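**Student:** Just dropping this structure here.
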Amino acid sequence: MKRLVETATQKDIGTLERHVLASRDIATQIGDPFLSYLLSMALFTIYEKKAHHENEALKSSFG
């Protein structure tokens with residue numbers, strides 16, 4: 001997952017985020033806590049990448 005997120009564009013990150021959120025919701029509904037946990041970790045990786053993109057955008061707008 002980390003490699004996929006690292007090579008994804010900003011648009012891809014948004015799409016990936018929506019898919020992982022939907023998958024985590026399904027895992028929660030069917031009662032699979034381990035899969036839900038793994039997908040939560042994937043979301044954490046996605047959110048890290050989004051924050052990095054936002055920080056870079058802020059730096060370039062002020063620098």
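**Student:** With the contact rule set at Cα under 8 Å and sequence spacing of 6 or more, what percent relative contact order holds for the range 1-58?
**Tutor:** 44 percent.
**Student:** Determine the dipole magnitude for the range 1-58: charges of +1 sit on the beta-carbon of Lys and Arg, -1 on that of Asp and Glu, nothing else is charged, the reference point is the Cα centre, and the result goes in debye to the nearest 20.
**Tutor:** 80 debye
**Student:** Another question, then. If you take log10 I(q)/I(0) by the Debye sum over Cα atoms at q = 0.17, 0.19 Å⁻¹ from the coordinates, which of (i) -0.60, -0.70; (ii) -0.72, -0.80; (iii) -0.54, -0.68 do you get?
**Tutor:** (i)
**Student:** Nearest 10 degrees, 0 to 90: what angle lies between the long axis of helix 33-62 and the longest principal axis of the chain (Cα atoms)?
**Tutor:** Taking the Cα atoms of the chain, the angle to 33-62 is about 10 degrees.
Since every read-out is calculated from the coordinates, none of them should be taken as a lab result. Remember, it's a predicted structure, so these values are computed and weren't measured experimentally. Using ideal geometry, Cβ is built from the backbone for each residue, glycine included, and neighbour counts are taken over all protein chains shown.
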